[in-house]
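Inspection log for the structure reproduced underneath, given as structure tokens.
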Amino acid sequence: MKNIILRTATAYLIPLLLLFSVFLLLRGHYHPGGGFVGGLVASIAFVLHGFAFKMQNTLRLMKFHPSKFIPVGLSVSIISSILPMFFKKPVMTGLWLNKPLPILGNVGTSLFFDIGVYLVVIGVTLNILFTISDSGQQ
Amino acid sequence: MIQHLIILPVLVHLITGTVNLFFWGKPQPQRVMSLLGTFTAMLIAFALFNQVRSEGVMVMHAANWKAPFGISFVADTFSSSMVLFTSFAGFAVSLFSAAGISAVRAQYAFYPIFHFLLMGLNGAFLTGDLFNLYVWFEVIIMASFVLITLGGSKAQMEGGVKYVSLNLLASVIFLTAIAIVYGLTGTLNLADLAITLPNIKNQGLINITALLFFIGFGIKSAVFPLYFWLPSSYHTPPSAVAAIFAGLLTKVGVYAMLRMFTLLFHPDDFMTAIILIISLGTMLTGALGAIIKTDLKRMFSYLIICHIGYMVGGLALFTQAALGGAVFYLFHDMMIKTNLFLIAGVIKKIRGTTNMPKLGGLYHSYPKFALLVAIVIFSLAGTPPLSGFWPKIYLFQAGFANTSWASNYYVIGLIFSSLITLYVLAKMWKDVFWKKQPDTQIHVPDHFQPLSFMKKLSLILPIVFLASITLYIGLDAERVLTVANDIAKEMLNPKPYIKAVLGHL
């Protein structure tokens, strides 16, 4: 799509969308949001880039193929959920730091579980969309 | 680590599947990893089974939220032995896939998805929460849908669509039933439901919900008249995939049925009659379907349906003998049906087809393989010292003890379909092994002979492994019967289960 309005708007929207997705991710523990929604918003940013500048350029921008996100995200989630087992607690029990960190606030294993979900959602969504656009071009 | 043992069967497959995803496109490391994973799963399942047998029901509350608010995982004798037999089938199929799954398929996500499927099965067996059970069923459906369509041939797509549409319909019905139960009681924990459901005033609605559950699980376990998706989809994927489907997927439906209708609902006279008639229909249609099919895999698919009827009928009779027989038959069936499809896979490798009129002469060219198959077939037919014989005795006993008209029909169906099974297997033996190979087929190349020794081993060893478990079930039936009877006692008296989960009665 060679649309100058879309291209200019995309350049401003992508950082906004990515920031918003991180905001949603961090907010998710007690408020609406979380890894799933955050991941969807982040993948919208990349899809928008793909619409404006073609999917191949988006792939180049991302450096990794989106399918690489899936195992990484799954591993982050798995590690954060089995970590409590080594402290003699059931799987998925939240472990929290004693003192809140500056800016981030209280950090616990559930944050890392959500980060894992975030990565998996980005990976799956983009993988599906890139595959569809690939087969569309052939 | 003892208190974590209960969740390990789920985690080990989750971790193996995820690690396999890192090796995307490299079949060799995935094969090794998958073998390691399924072997570890077998050890864990043994440990869990022993632990449950010696210490009683094990419970874990995920994330430390106590029942009935959090999700509980519960391992009693029934679920831990299901996990044990699943791990046997998983190990055998993983070994078989090393040579039985083409490199192209293995390059794509065969191994990760295979492990996610096993994870879903173990989760469904171990969960103590109704909604969580639904989630595991979804995991199973998604994983099996990918496995059934992986490869993308036209027949596979057709089978896959039939499979997934019927199973999604079953999920919708199941979910509706869950919603009604939640609306009535405000809880979905199985143990908590077992206490609250009998105190609900509106028992009519509960009976209808029970029927909805029965329909949902009935579609999944392919009972009459909702079985038709099974024979039209199971013959399409490669034999390793079909084996895991045949051995485990319909059985998880039977497991859920046995769990629901012993813990939550107790069949009244009306329900008993309905379930018995349905089981009769399942046995007859399965048996009659198996007679006319000339393709090995299709014939085995109908035999799966036929034998689901035995177990469902055992549930309806609802005595200790009947439930013990049904559970024993379930164990025996999981091993046998997995093995039958693996055998079909080897026959396909040898002769290039599974169409019985085109087969023949296998006894002449592979006598040892024929002997191995004979063990499996005799066990399935229920020849006395072997594994199919013992559960049938119990089912007959329970059928004769119940004097209602429906139970008489059930016994007649049991006898009739056992005879048909015998006939079908004899015909198959004659066609595949004894008959001379048709002249038109002599020039078809044998893909088994030129394989390397290791590959032959990886195709035959799983069949030997499963056949020896079948032999063990038959020859040391005393021990398996004790386990099956204990399970039946647990079903008839769920108090220890409830107490273990909730901490009180």
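Bear in mind these aren't lab numbers, they're just calculated from the coordinates by the rules spelled out. Fair warning: this is a prediction, and the values are worked out from it, not measured in the lab. No Cβ is skipped: glycine too gets one built from the backbone with ideal geometry, and neighbour counts run over all protein chains shown.
In debye, nearest 20: dipole of segment B:386-505 around its Cα centre with unit charges on the Cβ of K, R (+) and D, E (-)? If you can, show how the numbers build up before the last one.
Numbers: 11 positive and 7 negative charges, 12 e Å.
The dipole of segment B:386-505 has a size of about 60 debye.
Quick check on my link table: of B:LYS348/B:LYS427; B:LYS435/B:LYS456; B:LYS26/B:LYS220; A:LYS68/B:LYS251, which ones sit more than 29 Å apart, alpha carbon to alpha carbon? The pairs that break the limit, which is 29 Å between Cα atoms, are B:LYS26/B:LYS220; A:LYS68/B:LYS251.
By the compact-protein rule of thumb, 2.2 N^0.38 Å, the alpha-carbon radius of gyration of segment B:84-205 corresponds to a ratio of 1.34.
Considering only B:GLY388, B:ALA326, B:THR294, the residue lying farthest towards the positive end of the dipole of segment B:263-388 is B:THR294, judged by Cα position with unit charges set on Cβ.
With runs of 4+ DSSP H residues as the only contributors, calculate the mean residue ellipticity of the protein assembly as shown at 222 nm using -39,500 (n - 2.57) per run, divided by the residue total and rounded to the nearest 500. If you can, show how the numbers build up before the last one.
Details: 27 runs with 468 residues, N = 643.
Theoretical 222 nm ellipticity from helices: -24500 deg cm²/dmol.
About the centre of its Cα atoms, segment A:4-137 shows a dipole size close to 220 debye [charges on the beta carbon of Lys, Arg (+1) and Asp, Glu (-1) only; nearest 20 debye]. Less than 15 Å apart at the alpha-carbon level, and either on another chain or at least 8 residues along: which aspartates and glutamates does that give for B:LYS430? The reachable aspartates and glutamates, counting only those whose Cα sits under 15 Å from B:LYS430, are B:ASP295. In this simple spin-label model, placing a label point 7 Å from the Cα along the Cα-to-Cβ direction at both B:THR383 and A:HIS29 gives a separation of 6.5 nm. Judged by the gyration tensor of its Cα atoms, with axes a ≥ b ≥ c, segment B:407-477 is oblate; a/c meets the 1.5 cut and b/c is at least as large as a/b. Subtracting the Cα-Cα distance of B:ASN207 and B:LYS436 from 0.36 nm times their residue separation leaves 76.8 nm of extension gain.
Can you spot the aspartates and glutamates whose alpha carbon is less than 14 Å from A:LYS54's alpha carbon? Ignore those fewer than 8 places along the same chain. Hits, sequence-local ones excluded: A:ASP134. Coupling constants for segment B:426-433 follow from the phi torsions by the Karplus curve (6.51 cos²θ - 1.76 cosθ + 1.60, θ = phi - 60°), and in residue order they are 5, 4, 5, 4, 5, 5, 8, 9 Hz; glycine and proline get x. Rg/Rh, computed from the Cα trace of the protein assembly as shown with Rh as the Kirkwood radius, has the value 0.99.
Across segment B:324-339, computed HN-Hα scalar couplings (Karplus, 6.51 cos²θ - 1.76 cosθ + 1.60, θ = phi - 60°) run x, x, 4, 5, 4, 4, 4, 4, 4, 5, 4, 5, 5, 5, 4, 5 Hz from first to last residue, x flagging Gly and Pro.
Averaging 1/r over every pair of different alpha carbons in segment B:234-366 and inverting the result gives a Kirkwood radius of 15.9 Å. According to the Cα-based calculation, Rg over Rh for segment A:4-137 is 1.05, with Rh computed by the Kirkwood formula. Within the straight-line cut-off of under 24 Å between alpha carbons, the lysines reachable from A:LYS88 are A:LYS99, B:LYS66, B:LYS499, sequence neighbours fewer than 8 places apart in one chain being disregarded. For A:GLY28, nonlocal amide neighbours, meaning residues 5 or more places apart or on other chains whose placed amide H falls under 5 Å from its own, are A:GLY34.
Computed from the C-beta positions of B:TYR182 and B:ARG53 and an R0 of 30 Å, the FRET efficiency is 0.35 to the nearest 0.05.
If you take the alpha carbon atoms of chain B and fit the smallest convex hull around them, that volume is 130 Å³ per residue.
Only the Cβ atoms of Lys and Arg (+1) and of Asp and Glu (-1) were treated as charged; on that basis the dipole of the protein assembly as shown about its Cα centre amounts to roughly 1520 debye. Cα convex hull, segment B:1-62: 71 Å³ per residue, rounded to a whole number.
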